Amino acid sequence: MIDVEDLSVHFGGVVSLDQMTIQFPEGACGLIGPNGAGKTTFFNVLSGFVTPRSGRVVAMGQDLLSMPDYKRARWGLRRTFQTEQAIEKLTVFDNVATVYEHSTRSGKAGRSAAVEAALEFVGLTDVAQQTVRALGAKERRFIEVARAVVGSPKLILLDEPAAGLPDAETALLGGIIRSIPERVGATVILVDHDMSLVQACCDWTAVLDFGRLLASGPTAEVLRDRNVMRAYLGTEEVA
Amino acid sequence: MTAVVSTPASSAPPAHLPLLARITTNRLFEPVVVVVVLLVGLFAIPSFFDSYWIANFTQLAVFSIVCASAGLLYGRVGLVSLGQVASYGIGCWVTMRLAFATTLPYPVLLVIGGLVAAVIGVMIGLPALRVSGLYLALVTLMLAAGMEIVLERTGFPNGGTGFKGVVTTISDIKATRRPSFAGTDVAYYRFIVVGAFVMFMLASYVLSRKPGRAWASIRQSEAAALAAGIDVTRYKLWAFALAAFMAGVAGGLYAGSVPKGMSIDAFNRQSAIFLIAVVIMGGIYSLWGGLLGAFFATCLLKYLTQNVFGHQFWTRFALSLFGFGLLANLIQNTRIAERKGVEA
């Protein structure tokens, strides 16, 4: 469980997160909201790139904000970025291995097995020895997910993991994301504008608007909420 | 070449590729080229060229290490450092001083010179960690200027006593001793080629291991590297240390190649900028770029000056082309660095 208490982030005069208080249950959770609602800022706080003005984040009993940024991966935090960040110059295997060797203490022993398992999980075994530069958008997005699940992650933050992918590939990715809690044993927080992806992956969803929690609960109920429809979609029709 | 890109991974290259592509994508291609270049450097060049060109190839071999070290920092980690010439100078000074003061074998002196340069390189790296791109270039340019001032005051050791080891009477000036097995110019040239080979292998080894992958990650995006658990500060300092070690060893190798009395001209600010310019011209990602850059800076420039341009104006024109390339690259690099900031 991730317990967020009274989290505020200000950039100059702009209030990006405004006393956000929320409890994410285990499993796959959605985090949605209009542009500028503070979703990525929340991820950046968890990653340690943004220092909040106030508040606490306790994840699985660990005070996350007290850890140096790079040590959070070793604790079990993983994330992906809106613009994919697969390392162009390395092979697919080395991309995943880099995360493994820097986020676990187990050294070389279990490395190959762990990386191969992660690549198999996302279906990239065939291209393991190819350089990322030679690959397309789909593979790059899937590499990011493989990087997120390798090792023993506890909490995975996915920031629009399907951005730029066609529907069929988004659906495939959705199936993979949905199976992360069970197969990898990590809690997932998924930020995406694609409601069908969020619905497909997440049993539970929270809605942010102007840095405040607008609603949270089972995904189907949240998406039917009138306030959510008004704030998020501007209409009463769920696309 | 698009065929190479779209083919699935396999150990042997597919048969439908053109012959040239089949050769260059073979796993043994690069090791074979390395051996050929090494053999040419060790045996072909000394037997085909006179002493004037051997001196130029000696400089090429030394400079290739410095170019590779600067290329490693820039191409593999994304750090534009103009401080490599300072590390080169530090390694040269320390090796010379110890060569006069001790009877240690020359390879040991080289390692000590490299280590001292590495320690100072890390100290330089610490304050430079907060800046990148053009700004890092400016900070390290100050360092290069500082090094120039220090060297103007101390000079290079030439057989005297005391900390500086400098004598003032011209007749007392001694050349730095060479290893007993590499006394002649040609033998010392070969010794440098072997030294350069060892440094390139060291760089290549480290690049293929955990630090190399961490650097590739940092170069792509520091935010993503941090999120992957990479201690960005530590790996940047590690890069500064390795690059300074390589440049320091190069300085030590250079020390023995100069007949009498080392000039400080090779270690001034202009040299620092010139170095980055030729490194960019040679190519920053591959270590081969270091060799090519050094070739531009030494033999090619000498050849053009003597045989083609035959006039100062054209040499300067060639140099200003290097400068133009440097500026264009730095401006572009700074823009990329700005775009890569953490997305809010």
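No value in this document is a laboratory result; all are computed from the given coordinates. Predicted, not measured: the structure shown is a model, and the values here were computed from it. Methodologically, a virtual Cβ is constructed for each residue, glycine included, from the backbone with ideal geometry; neighbour enumeration extends over all protein chains shown.
Tell me the Kirkwood hydrodynamic radius of chain B in angstroms, computed as one over the mean inverse distance between distinct C-alpha pairs.
One over the average 1/r among Cα pairs gives 21.2 Å for chain B.
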* Asked: Once the principal axes of the Cα atoms of segment B:135-183 are found, what is the range along each, listed largest first in whole angstroms?
  -> 44, 29, 17
* Asked: Taking the alpha carbon gyration tensor of chain A, what are the square roots of 5 times its eigenvalues, largest first, to the nearest whole Å?
  -> 29, 21, 15
* Asked: If one takes the longest principal axis of the Cα atoms in chain A, at what angle in degrees, from 0 to 90 and to the nearest 10, does the Cα axis of helix A:167-184 lie?
  -> 80 degrees
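Shielding of A:131-138 by partners, i.e. mean partner chain Cβ atoms within 10 Å per residue?
Working: counts 2, 2, 1, 6, 2, 1, 0, 0.
Rounded to a whole number, the mean comes out at 2.
Could you compute the net charge surrounding B:Ile173? Neighbours are other residues with a C-beta less than 14 Å from the C-beta of B:Ile173; K and R count +1, D and E count -1.
Details: positive: B:Lys164, B:Lys174, B:Arg177, B:Lys260; negative: B:Asp172.
Neighbourhood net charge equals +3.
So how strong a dipole does the protein assembly as shown carry about its Cα centre when Lys and Arg Cβ are +1 and Asp and Glu Cβ are -1, to the nearest 20 debye?
Values: 48 positive and 40 negative charges, 425 e Å.
Around 2040 debye, computed over the protein assembly as shown.
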* Asked: With each run of n ≥ 4 DSSP H residues scored as -39500 (n - 2.57), what mean residue ellipticity at 222 nm is computed for chain A after dividing by its residue count and rounding to the nearest 500 deg cm²/dmol?
  -> -10000 deg cm²/dmol
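So for segment A:113-220, considering every pair of alpha-carbon atoms, how many percent are separated by more than 17 Å?
Numbers: 3156 of 5778 pairs.
More than 17 Å apart: 55 percent of the Cα pairs in segment A:113-220.
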* Structure fact -> Excluding residues fewer than 8 positions from B:Lys302 in its own chain, the lysines with Cα under 17 Å of it are none
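Note the full-extension length gain between B:Asp265 and B:Leu20 as 0.36 nm times their separation in residues minus their Cα-Cα distance, in nm to one decimal.
On the way: separation 245, 0.36 × 245 = 88.20 nm, distance 4.37 nm.
83.8 nm is the gain from fully extending B:Asp265 to B:Leu20.
At most 15 other Cβ atoms within 10 Å plus a DSSP loop assignment makes a site exposed; report the longest stretch of chain B without any exposed trypsin sites (Lys or Arg not before Pro).
Here the longest segment lacking exposed loop sites spans B:28-129.
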* Asked: Over the alpha carbons of segment B:163-308, what is the largest minus smallest coordinate on each principal axis, giving the biggest first in Å?
  -> 62, 45, 31
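Restricting to DSSP H runs of at least four residues, report the calculated mean residue ellipticity at 222 nm for chain B, -39500 (n - 2.57) per run over all residues, nearest 500 deg cm²/dmol.
Details: 15 runs with 224 residues, N = 344.
It comes out at -21500 deg cm²/dmol, rounded to the nearest 500.
Would you please calculate the Kirkwood hydrodynamic radius of segment B:196-266 over all C-alpha pairs and express it in Å, rounded to one decimal? Could the numbers behind the result be given before it?
Details: mean 1/r = 0.0713 Å⁻¹.
Hydrodynamic radius (Kirkwood, Cα pairs) of segment B:196-266 is 14.0 Å.
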* Asked: Where in segment A:21-61 does the label zone of A:Arg212 land, with the point 7 angstrom along Cα→C-beta and an amide N cut-off under 13 Å?
  -> A:21
* Any chance you could give the angle, 0 to 90 degrees and rounded to 10, that helix A:137-149 forms with the longest Cα principal axis of chain A? => 90 degrees
* Do any of A:Lys138/B:Lys210; B:Lys236/B:Lys260; A:Lys154/B:Lys210; A:Lys39/B:Lys210 go past 29 Å between their Cα atoms, and which? -> B:Lys236/B:Lys260; A:Lys39/B:Lys210
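As an exercise, identify the trypsin sites (Lys or Arg not before Pro) in segment A:96-167 lying in DSSP coil whose Cβ has no more than 10 other Cβ atoms within 10 Å.
Working: sites: A:Arg105, A:Lys108, A:Arg111, A:Arg133, A:Lys138, A:Arg140, A:Arg141, A:Arg147, A:Lys154; in loops: A:Arg105, A:Lys108, A:Lys154.
Passing both the DSSP loop test and the Cβ count: A:Arg105, A:Lys108.
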* **Geometric extent, Cα atoms of segment A:85-152 - Rg, Dmax (angstrom)** => 10.7, 32
* Rounded tilt (10° steps) of B:51-71 against the dominant C-alpha axis of chain B -> 50 degrees
* Asked: Once a ≥ b ≥ c are taken as the square roots of the eigenvalues of the Cα gyration tensor of segment A:1-110, is the result rounded (a/c under 1.5), prolate (a/b larger than b/c) or oblate (a/b not larger than b/c)?
  -> prolate
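Chymotrypsin sites (Phe, Trp or Tyr not before Pro), restricted to segment B:157-242: which are DSSP loop and have at most 12 other Cβ atoms within 10 Å?
Those that pass, being in a loop and sparsely packed, are B:Phe163.
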* Stokes-Einstein D for the protein assembly as shown, Kirkwood Rh over Cα pairs, 25 °C, 0.890 mPa s (µm²/s) -> 92 µm²/s
* Efficiency by 1/(1 + (r/R0)^6): what FRET value for A:Arg224 and A:Asp203, r their Cβ-Cβ distance, R0 = 22 Å, to the nearest 0.05? -> 0.90
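Of the DSSP beta bridges with both residues in the protein assembly as shown, give the percent that are antiparallel, rounding to the nearest 5. Spell out each step's value before the answer.
Numbers: 21 of 37 bridges.
Just about 55 percent of them are antiparallel.
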* Asked: Per 10 Å bin, what is the whole-percent P(r) computed from every C-alpha pair distance within segment B:73-230?
  -> 9, 29, 32, 20, 8, 1, 0
